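All remarks here apply to the structure that follows.
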Amino acid sequence: MAKKGGIAGIWSDDDKILEAAAKMRDAGYKKFDAITPFPVHGMEEAVGIKRSMIPWVTFVMGITGCAAGLGLQYWTSAVSWALNVGGKPFFSLPAFIPVTFETTVLFAALSSVIAMFALNGLPKVNPPILHPDLTSHKFALWVPETEAGYDADKIEKLLKELGAEEIKRVSEY
Amino acid sequence: MIMDRKPLVLGNKTYKDISDDICGPVEQPPGKEWFLMFFSAKALLLFYLISIGTVIATGMGLMGTTNPVNWGTDIVTFVFWIGIGHAGTLISAVLFLFRQKWRTSVARSAEAMTVFAVMTAGIFPLIHTGRPWLDFWLLPYPNQRGPLWVNFRSPLLWDVFAVSTYATVSIVFWYVGLVPDFATIRDRATGKIRKTIYGILSLGWRGHTRHWSHYEMVYMILAALATPLVLSVHTIVSFDFAVSNLPGWHTTIFPPYFVAGAIFSGFGMVITLLTLVRIGFPVFKDYITIDHMEVMNKIIMTTGMLVGYAYASEFFIAWYSGVPYEQYAFINRATGPYWWSYWIMVSCNVIIPQVFWFKAARRSIPIMFVVSIFVNIGMWFERFVITVTSLHRDFLPSSWGMYEWSIFDAAILFGSFGMFFTLFLLYLKGFPAISIAEVKPVLYVGKKKGGHHG
């Protein structure tokens, strides 16, 4: 997210913010987000977020790791310098399975984590923070200026109706 | 009948209390106990570094390996530490996939134990090579000798890949879990230094639901990848032995037997560490409850009996195979010159954990602490029995010999605990030792929500 302003309502009960988020979604807001100290069960549906596409990254990179591991072993053992070790075939597939498995897992795991940080736009240097308690025991609904038909006063009213205990308007977030 | 679930977090806590409790040790100066333990561990670490330095500078001749016992303390202790790591991944990944919510409060420390145990383990094969400055030869890198490649048909090379992948994935898994908690500490920080350090560590995490969505997905994927990975690691470690033709090593039961033993020893170490954590940081007693300890003691007893079954099965198969060398290897284990190591192993691993049949023993901190120490000792001896007793008498009596344990074997074995405990104590001081973001969602398990917050 680029540094743009917006408005946030803050709650201290995760059940209440869950209801509020679902009502915001039903009221037609698309770009709003919840900020919570821990993953609140059901919040993804309430905010209207689609299932993460990271498993595809895992799958593709797992296949890549598998091919890379097996390919490395094939090329070094049978092509680059084919050495006869104990009369075994140059391409000893059963003996190559353990390393192939390890490279599959390594590629899949590291790429998934990198994909997660990339999709989340992290790492971010010193990002502005709405409220220090939002990583501890408070919960917020955040509507950015980029939301279609953004009207701060209207949103503030709605957030208050939904039970927000505190409203914050910021110009940079 | 619906059974009431026991609460996972004791006391009438709010979300804020959890943040306060868990961040406390990070934010306040540590107590006397911590300093005492830290300086003891650090002294042992310095002793360890001097011992390693002496062995590397002088040569492997200082260690007790002989011909025919070419694998000694280095390999025994390597397998010992790698095994310990397994319980951490089991708790953090396997129990996560099984939706075992009790894991949340012990997972962080168990994973830390995994990371430090694997780091401690990794040093041993590097010393064992004898010329550690050439250890990069273990990797398949393009070189000017042909290029001459590593032998991918060797289990020892599989081990290089297995252990380094395991170390990498464990560290990443641990770090991903830590990111939201680092953000909590960052936002609570009052001083500039702490805010900067934890700000960097948190990578700018702010807890958006869109981020949590990817985060939870990746956490599950890592758990799903770490589960077969942890099983593969000790399987491949067991291949180091099982793929050879030596009587006593060449058995198909080794992979499951090693994995069960690894989980067993790892839970032993988790109990040892967590009893100490509960003493050092009394506030954690509400999170790491006696119920948690009891569950782990049940796992210790179960896996202890699994390894007991493996010991018995090895004897049966040796007899049933009709191979005289195989039969002799096992008779020699139990009654030969190293009989004492075999019976230490059986007593510590099979007999002593049986006290956990009694509920009072499972829930007694002093008893479980003592049992966990015996489990650690027993599992070190298991690897000693496998490695040394098999090697010292193989086929030809003319090539039999004994292992010549030296003072440097003892120094390196005991010194490695200095490295492990130094790292663990630094972790307890610097990192949130319980996952803040994972404990909060299970706060109301077994309790009624409401009344005390809002």
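Coordinate-derived values only; no laboratory data. Computed from a prediction, not measured in an experiment: that's the story for all the values here. FYI the Cβ positions are ideal-geometry reconstructions off the backbone, even for glycines, and counts take in every protein chain you see.
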Exercise. Charges only on Cβ, +1 for Lys and Arg, -1 for Asp and Glu: so what's the dipole of the protein assembly as shown about the Cα centre, in debye to the nearest 20?
Worked result: 800
For this session: Place +1 on the Cβ of every Lys and Arg and -1 on the Cβ of every Asp and Glu in the protein assembly as shown, take the dipole about the Cα centre, and give the residue among B:54, B:170, B:24 whose Cα lies farthest towards its positive end.
Result: B:24
Exercise. Roughly how tilted is helix B:407-430, in degrees to the nearest 10 and between 0 and 90, from the longest Cα axis of chain B?
Worked result: 10
For this session: Let me have the relative contact order for region A:54-119, percent, based on Cα pairs under 8 Å that are six or more residues apart.
Result: 55
For this session: Quantify how strongly other chains surround peptide A:38-44 by giving the mean number of their Cβ atoms within 10 Å of each of its Cβ atoms.
Result: 6
Problem set entry | J(HN,Hα) series, region B:247-258, from Karplus relation 6.51 cos²θ - 1.76 cosθ + 1.60, nearest Hz, glycine and proline x | x, x, 10, 7, 9, 6, 6, 4, x, x, 5, 5
Problem set entry | Per-residue Cβ neighbour rank within 10 angstrom, fewest leading, A:170, B:375, A:40 | A:170, A:40, B:375
Seminar exercise, completed: Farthest towards the positive end of the dipole of chain B, among B:388, B:102, B:311 and with Cβ unit charges of +1 on Lys and Arg and -1 on Asp and Glu, lies the Cα of B:102
For this session: For chain B, find the longest principal axis of its Cα atoms and tell me its angle to the long axis of helix B:290-321, 0 to 90°, nearest 10.
Result: 20
Exercise. By its C-alpha gyration tensor, with a ≥ b ≥ c as the square roots of the eigenvalues, how is region A:54-119 shaped: rounded for a/c under 1.5, else prolate for a/b larger than b/c, else oblate?
Worked result: prolate
Exercise. Name the chymotrypsin sites (Phe, Trp or Tyr not before Pro) in region B:117-162 that are in a loop by DSSP and that have at most 16 other C-beta atoms within 10 Å, would you?
Worked result: none
Exercise. For chain B, the longest stretch holding no trypsin sites (Lys or Arg not before Pro) located in a DSSP loop with at most 12 other Cβ atoms within 10 Å is which?
Worked result: B:146-447
For this session: Please report A:66, B:348 as a ranked list, fewest other C-beta atoms within 10 angstrom at the top and most at the bottom.
Result: A:66, B:348
Exercise. Given charges of +1 on the Cβ of Lys and Arg and -1 on the Cβ of Asp and Glu, with all other atoms neutral, how large is the dipole of chain B about its Cα centre, in debye to the nearest 20?
Worked result: 1640
Seminar exercise, completed: Excluding residues fewer than 8 positions from residue A:160 in its own chain, the lysines with Cα under 17 Å of it are A:16, A:23, A:138, A:168
Seminar exercise, completed: Per its Cα gyration tensor (rounded if a/c is under 1.5, else prolate when a/b beats b/c, else oblate), region B:29-176 is best filed as oblate
Problem set entry | Likely footprinting exposure, B:235, B:65, B:14, fewest C-beta neighbours within 10 Å first | B:14, B:235, B:65
Problem set entry | Loop chymotrypsin sites (Phe, Trp or Tyr not before Pro), region B:73-119, which have at most 15 other Cβ atoms in a 10 Å radius of their Cβ (DSSP) | B:98
Exercise. About the Cα centre of region B:160-235, what is the dipole size in debye to 20, counting +1 per Lys and Arg Cβ and -1 per Asp and Glu Cβ, all else neutral?
Worked result: 440
Problem set entry | Cα lying deepest toward the dipole's positive end in the protein assembly as shown, options A:115, A:100, B:327, charges on Cβ | A:115
Problem set entry | Cα-based reach from residue B:192 at 14 Å (exclusive), listing aspartates and glutamates while leaving out same-chain residues under 8 positions away | B:27
For this session: Provide the net charge surrounding residue B:371, with neighbours chosen by a C-beta distance below 13 Å and charges set as Lys +1, Arg +1, Asp -1, Glu -1.
Result: +2
Exercise. How far is helix B:155-188 tilted, in degrees, relative to the longest principal axis of the Cα atoms in chain B, given as a value from 0 to 90 rounded to the nearest 10?
Worked result: 10
Exercise. Taking only C-alpha pairs under 8 Å that are 6+ residues apart, what is the relative contact order of region B:131-208 in percent?
Worked result: 20
